[in-house]
Amino acid sequence: MFFHEKSYDIDELMRHNMHIHTTFSGCAKKEMTAVDIVRTADECGLEIIALTDHNYPQKKNAVATQRLELLKQIESIEHRVKVYVGAELSSYGIGKFADDIECDNSLDFRLYTTNHFHQGYWEHPDEITPRAYAVHMLAIMNGVIDSGRADCFAHPFMAGYIHAFEDPHSVTRAFTDNEIGDIMEKANKAEIAWELNTPALFKDPVFFHRYFQIGKEVGVVFNIGTDAHVLSNVDPKQYAERYKEILY
């Protein structure tokens, strides 16, 4: 489902941050408690945030239990910001998921990654070429859409976790406009949003300008996600001007 109104106005989108990690993600700083994240979001005047910790096959379904603990922490304080407690879920191969669907459906917000290729359990294409990776990512994303598990794609198409090439942008250049438009249209019909992920956007601005323009043409819903691992990254508004330079 979509969690806010469709908009292509960056200032409007910056009222939400749909990708924030808590201390349940090993990569997040100790300051990233649910309470301090929510207080920071309130101070920044955000309207909606989503807590999206990582899941792993070796800790199957753990994010469902973590959600209950995070809800307890959030309910202990007064706050204005709307908080969705979800997870950054993993489809690590075509039709392969780190958790049971019952776990996914227990979450408030299901943010799906299909390109964490730096993880040892992630499946890579048989042929190690930029085009092969592009085709492989599209196949994984199609599997996620068909599964009905997702509310949004996390840093879609991003190739920064692929270490096989000196220039990872060679992978994003391997996607055709038609392929991007077709899968966006398919996801849109399934009410799956597309993330404007801050680190991915800044590292590959040429591709994500193209991605944004195609998404506008198709009519998709974009979510802002800073992928925050520290409190100073909770507020996306600090990046608004850079977003506008890249996307407009």
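The values are calculated or read from the model by the stated rules, or taken from the named source; none is laboratory data. Note that the coordinates shown come from a computational prediction; the quantities given were computed from them, not determined experimentally. Because the Cβ atoms are built from the backbone with ideal geometry, glycine has one as well, and the counts that use them run over all protein chains shown. Heavy atoms of the whole protein, side chains included, go into the accessibility calculation; ligands, DNA and RNA do not. Shrake-Rupley method; radii C 1.70, N 1.55, O 1.52, S 1.80 Å.
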Which residues' amide hydrogens lie under 5 Å from the amide hydrogen of Ala193, considering only partners 5 or more residues apart or on another chain, with H built in the peptide plane? Cys152, Phe153
Got a number for the accessible area of Trp122? Probe 1.4 Å, square angstrom, nearest 10. 10 Å²
Rounded accessible area per residue of the range 101-248, 1.4 Å, Å²: 40 Å²
Restricted to the chain, the DSSP antiparallel beta bridge percent, nearest 5, is 10 percent
Hey, what's the Kirkwood Rh for the chain if you take every pair of different alpha carbons, in angstrom? 18.1 Å
Once the principal axes of the Cα atoms of the range 68-168 are found, what is the range along each, listed largest first in whole angstroms? 51, 28, 21
Using θ = phi - 60° and the Karplus form 6.51 cos²θ - 1.76 cosθ + 1.60, what ³J(HN,Hα) does each residue of the range 40-55 get, whole Hz, x for Gly and Pro? 5, 4, 5, 4, 7, x, 6, 9, 9, 9, 10, 8, 9, 7, 5, 10
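Given a 1.4 Å probe, how much area per residue of the range 14-92 is accessible, in Å²? Please list the in-between numbers first.
Values: 3560 Å² over 79 residues.
That works out to 45 Å² for each residue.
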Evaluate the relative contact order of the range 152-233 (contact order divided by residue number), counting alpha-carbon pairs under 8 angstrom at least 6 apart; express in whole percent. 36 percent
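FRET efficiency for Lys60 and Glu185, Cβ-Cβ distance as r, R0 = 51 Å, nearest 0.05? Could you put the intermediate results ahead of the total?
Working: r = 33 Å, r/R0 = 0.64.
Result of the calculation: an efficiency of 0.95.
How fast does the range 110-248 diffuse by Stokes-Einstein, in µm²/s, taking the Kirkwood radius from C-alpha pairs at 20 °C and 1.002 mPa s?
Working: Rh = 15.4 Å.
In µm²/s, the coefficient is 139.
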Taking the range 65-122 as the region of interest, what is the percent of Cα-Cα pairs per 10 angstrom bin, listed from the shortest bin to the one with the maximum distance? 19, 43, 26, 11, 0
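Could you check how much of the accessible area of the range 1-47 is carbon and sulfur, as a whole percent, using a 1.4 Å probe? Write out the running numbers ahead of the final one.
On the way: 1020 of 2210 Å².
Using a 1.4 Å probe with all protein chains present, the range 1-47 comes out at 46 percent carbon and sulfur.
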For the range 81-93, 3J(HN,Hα) per residue [Karplus equation, 6.51 cos²θ - 1.76 cosθ + 1.60, θ = phi - 60°, Hz, x = Gly/Pro]: 5, 6, 10, 9, 9, x, 6, 8, 8, 10, 10, 8, x
Lys pairs, the range 27-173 - Cα-Cα below 24 angstrom, 8 or more residues apart or on other chains: 13
Suppose we keep just the alpha-carbon trace of the range 153-228; what are its Rg and Dmax in angstrom? 12.1, 36
Accessible area, 1.4 Å probe, largest first: how do Lys6, Lys237 sort? Lys6, Lys237
With θ set to phi - 60°, apply the Karplus curve 6.51 cos²θ - 1.76 cosθ + 1.60 along the range 6-14 and write out the HN-Hα couplings as whole Hz, x wherever there is a Gly or Pro. 5, 7, 10, 8, 4, 4, 5, 5, 6
Under the rule of at least 5 residues apart or a separate chain, name every residue whose amide H is placed under 5 Å from the amide H of Tyr84. Ile49, Ala50, Leu51
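Once neighbouring chains are kept in place and the probe is 1.4 Å, which whole percent of the accessible area of the range 95-139 is contributed by carbon and sulfur? Please list the in-between numbers first.
Numbers: 910 of 1850 Å².
The C+S portion of the solvent-accessible surface of the range 95-139 is 50 percent.
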Report the equivalent ellipsoid semi-axes for the range 1-76 in whole Å, largest first, defined as the square roots of five times the eigenvalues of the gyration tensor built from alpha carbon atoms. 24, 16, 12
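Quick one: compute the contact order of the chain, relative version, from alpha carbon pairs under 8 angstrom and 6+ residues apart, as a percent.
Reported relative contact order: 25 percent.
So what's Rg/Rh here for the range 9-139, counting alpha carbon atoms and using the Kirkwood radius for Rh? Before the final figure, lay out each step's value.
Working: Rg = 16.4 Å, Rh = 16.0 Å.
On the Cα set of the range 9-139, Rg over Rh gives 1.03.
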Select from Thr22, Thr114, Thr176 the residue whose mean-square fluctuation is largest in a Gaussian network model of the chain (Cα-Cα springs shorter than 10 Å). Thr176
